[in-house]
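Here's the structure, in structure tokens; my notes come after.
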Amino acid sequence: MTAVRKTAAPFADAAPFAIRAERAADVAAREALLDASFGEGRHTRTCQRLRDGRAPAEGLAFSATQHGRLIGTVRLWHVSAGGIPALVLGPLAVDASCRSLGVGAALMNHALAAAKARGHTAVILRGDPAYYERFGFSADKTGELALPGPFERERLLAIELREGALMGAWGMIAATGAKARRPRAAKTHAIATAAA
Ligand SMILES: CC(C)(COP(=O)(O)OP(=O)(O)OC[C@H]1O[C@@H](n2cnc3c(N)ncnc32)[C@H](O)[C@@H]1OP(=O)(O)O)[C@@H](O)C(=O)NCCC(=O)NCCS
């Protein structure tokens with residue numbers, strides 16, 4: 001399903017954008033956007049440990065597009081939060097030329113609504129409280145949780161989609177998502193190598 005958004009009033013002349021499910025054809029543009037937004041070191045970030053080799057949660061990867069161009073991305077991933085099933089959100093990124101038009105907020109609201117509609121009960125992320133508080137995230141429920149790597153306690157945030165979902169959450173946040181399928185070319189190469 002695609003949701004078309006009009007841009008916020010001060011930018012009424014700006015082209016509207018759409019939020020839709022991520023497609024396989026989005027991968028190159030998504031990766032370029034993430035490189036531009038977070039730099040080459042993004043693969044060493046702590047939350048990446050929760051995504052390495054995993055597929056995003058079913059139906060919870062979204063792209064924002066404008067005139068057919070990918071301008072934003074967000075994905076959610078299955079984790080265990082000290083034994084409690086939850087999702088981790090990220091990375092969230094919007095093309096620098098399209099920021100402060102509400103694209104990030106639209107992606108967040110769409111992703112959280114979709115997660116709730118699918119029955120998920122809690123979403124965790126590592127990010128700036130000053131941005132994510134507006135969506136209901138706080139560090140209130142994450143005080144006893146840890147990430148598999150360095151992190152700043154005040155930036156580990158969560159929102160409960162069902163009240164009490166993270167009550168008593170304690171321990172390590174660990175990836176639980178399905179293994180990512182390897183691209184067809186890599187698979188073919190692996191088979192060829194094994195047969196050689
Ligand atoms: C964060 C990001 C996704 C926001 O996207 P966006 O489309 O500009 O977001 P919105 O239009 O919904 O909101 C913009 C507002 O959020 C504010 N904002 C953006 N990043 C912020 C941050 N880290 N802390 C506090 N406020 C922030 C902007 O100043 C702007 O404020 P204004 O409405 O008063 O002008 C985008 O800036 C981005 O891709 N940044 C680089 C990657 C990144 O940092 N991702 C988040 C990881 S924590």
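The values are calculated or read from the model by the stated rules, or taken from the named source; none is laboratory data. Treat the numbers as computed from the prediction; the structure is a model and nothing was measured. When we count neighbours, we look across all protein chains shown, and the Cβ atoms used for this are built from the backbone with ideal geometry, even at glycine. Heavy atoms of the whole protein, side chains included, go into the accessibility calculation; ligands, DNA and RNA do not. Shrake-Rupley method; radii C 1.70, N 1.55, O 1.52, S 1.80 Å.
Annotation: residue 148 fulfils all but one of (1) more than 15 Å from the ligand (Cβ to nearest atom); (2) under 22 Å from residue 43 (Cα atoms); (3) open to solvent by less than 30 Å² (accessible area, probe 1.4 Å); the unmet one is (3).
Among the conditions (1) modelled with pLDDT of 95 or more; (2) in a loop (DSSP other than H, G, I, E, B), the only one that residue 181 does not satisfy is (1). Within the range 90-128, restricting attention to residues that are open to solvent by 10 Å² or more (accessible area, probe 1.4 Å) and in a strand (DSSP E or B), the residue that is farthest from the ligand (Cβ to nearest atom) is 126.
Of all the listed residues (79, 74), the sole one being out of contact with any Asp or Glu (no Cβ under 8 Å at 6 or more places or on another chain), free of Cβ contacts under 8 Å to residues at least 40 places away in the same chain and surrounded by 20 or more Cβ atoms within 10 Å (Cβ to Cβ) is 74.
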